[in-house]
Amino acid sequence: MPSHLRIALIGLLGMWLTIFSAQAQTVTAGPDSTQVDTQKSVTDSSRRTEKFLGWRVTRPKKAALLSAVLPGAGQIYNRRYWKLPLVYGAIGAAVGTEVFYQMRYKEYSLGYKNRTDGVAATVDTGPRSSREASAANVRVGLEFYRRNRDKWIAFTAVAYTLNIVDALVDAHLRDFDISDDLSMQWQPDVLRVPTARLTPGVAISLTLKSHK
């Protein structure tokens, strides 16, 4: 079970990092237009404020705070409902594996204590630790489960943090505009390479503009 959960968590986190960094809302002009009207100025989305628990906060900050209070709430606020399985899958897998190792750690910790307390009547009754041949073997298992428990606590913190960062970044990007007028320009240029001659080429510059 732990190995499957570890693979699932790593895969989910990888997909999460790849997806949330590239999200943007696309606003396009008509197919026959050559220029998009940019005269309508709108306040930057990071400066717009909304109420959160009685305070005025920006939309990105509100999304981050919502995800900090309840994982997934920021994604709901951003209307990225399809990300909820990623959020709960990553955090759930990390927490579940952490609990698994914590339970094993407690069993081996108690078993090691019972084997080394010097009282003859005290025996190790753990379902797995009692099968170990010696107290030294129980100690090895104890350290193994403690080490993995601590590692998955860190993974849980990473998944929780990514949930907040995703909501924050998505709130900034949701109003980003990539229109038909990308302000793309090209011109002849010369490629300068220290180890080769000057090579003729074409330089292309692409300018993206924020809708808000």
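The values are calculated or read from the model by the stated rules, or taken from the named source; none is laboratory data. If you're wondering where the values come from, they're calculated on a predicted model, not measured in any experiment. Don't worry about glycine lacking a Cβ; one is built from the backbone with ideal geometry, like all the others, and counts go over all protein chains shown. For the accessible areas, the whole protein counts, side chains as well, though only heavy atoms, and no ligand, DNA or RNA atoms are used. Shrake-Rupley method; radii C 1.70, N 1.55, O 1.52, S 1.80 Å.
On average, how much area does the Cα convex hull of the stretch 55-112 cover when viewed from any direction, in nm²? Numbers along the way, then the final one.
Numbers: hull surface 21.0 nm².
One quarter of the hull surface, i.e. the mean projection, equals 5.3 nm².
Mind listing the phi-derived Karplus ³J(HN,Hα) values for the stretch 160-171, rounded to whole Hz, using 6.51, -1.76 and 1.60 with θ = phi - 60°, and x for any glycine or proline?
5, 5, 4, 4, 6, 5, 4, 5, 5, 5, 4, 5
Pairs K61/K83; K106/K151; K83/K106: which are spaced more than 25 Å apart, C-alpha to C-alpha?
Cα-Cα > 25 Å for K83/K106; rest within.
Provide the packing ranking of 158-167, 134-143, 64-73, i.e. peptides ordered by the mean count of other C-beta atoms within 10 Å per residue, highest first.
158-167, 64-73, 134-143
Out of the total accessible area of the stretch 111-177 (probe 1.4 Å, heavy atoms of protein only), what percent is carbon and sulfur?
Numbers: 2160 of 3650 Å².
With neighbouring chains kept in place, the figure for the stretch 111-177 is 59 percent.
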